[in-house]
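A.B. asks: The structure's right below; bear with me while I get my questions together.
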Amino acid sequence: MKEVRRQEFFHYQTVPQYYWQGVGVDAWQVGRSYLVGDGFNPYFDFYNQYWGAIPWADEGRKTVVLLRNALSNADDGSIARAVNHLGACGDQLGKECALVQELVFEEVRRQHFPTYPSRQRCMWVVSSEAGVRYWQQRVDIEKRWFRVRLTGKLHTASEVFLAPDTVSLHQLRKLAWQYWSGFRGGGEEQDEILFEGVIEVVEELDFAAITGCA
């Protein structure tokens, strides 16, 4: 972790209407300053306010019933409905995995790295044009790119230590230790830079202006 004072980075803000049921951010304005870290960020606030609205465990049980029906009624549409249910349940299981990961990573941060920015309250920034190109492709959502000036604390970690699937709590704690310790696990463009503090919005940029790519 390090302290920065009016140091410039890049940040993308997701178009606000893409957030869930009132969980989101106000659209930034150039020339304004914002405080980051005094509340949950939209990524984690999704779990606080929206997650669990649909009982997906019950949906999984319904899928089993549909598949059993399909064994004796091959043409009643049960298979098609079951496939749709399984796809939705798989997506929700992925969110459950992400939630468990965030809780474990926060547990390790509080116990061993308490002064570091929290993944639950931070804002993510990018330090280079290579990083901009990587995250532009990595995150498949509509974005507004900004050049920002930061004063506060930040931590640089590698996203390769974020588990993509179900793993044991022991393994998650090991990954979290590596993440917070700053171990290198990939190229610089795969860095996650977590920031808490005051952000000044210097200017809004389009992707081509940042990278020289159309």
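The values are calculated or read from the model by the stated rules, or taken from the named source; none is laboratory data. What you see is a predicted model; the values in this text were computed from it and never measured. Glycine gets a Cβ as well: all are built from the backbone with ideal geometry, and neighbour counts include every protein chain shown.
A.B. asks: What are the residues in segment 109-133 that are surrounded by fewer than 19 Cβ atoms within 10 Å (Cβ to Cβ), of a type outside the set (D, E, K, R) and in a helix (DSSP H, G or I), if any?
C.D. replies: Gln111, His112, Ala130
A.B. asks: Now for a different question. For Ala163, all conditions in the list (1) under 17 Å from the mean Cα position of the chain (by Cα); (2) assigned to a strand (DSSP E or B) hold save one; what is the number of the exception?
C.D. replies: Ala163 satisfies all of (1) under 17 Å from the mean Cα position of the chain (by Cα); (2) assigned to a strand (DSSP E or B) except (2).
A.B. asks: Sticking with this one: Can you tell me which of Arg68, Arg6, Arg81, Arg61 is within 29 Å of Lys143 (Cα to Cα) and either at pLDDT below 65 or not hydrophobic (A, V, I, L, M, F, W, C) (or both)?
C.D. replies: Arg6
A.B. asks: Do we have any residue at all in segment 147-157 that's at negative phi, surrounded by fewer than 17 Cβ atoms within 10 Å (Cβ to Cβ) and out of contact with any strand residue (DSSP E or B) (no Cβ under 9 Å at 6 or more places or on another chain)?
C.D. replies: no
A.B. asks: On to the next question. Being touching a helix residue (DSSP H, G or I) at 6+ places or on another chain (Cβ under 6 Å) and in contact (Cβ under 8 Å) with a residue 40 or more places away in the chain is true for just one of Glu159, Glu129. Which residue is that?
C.D. replies: After ruling out the rest, the residue left standing is Glu129.
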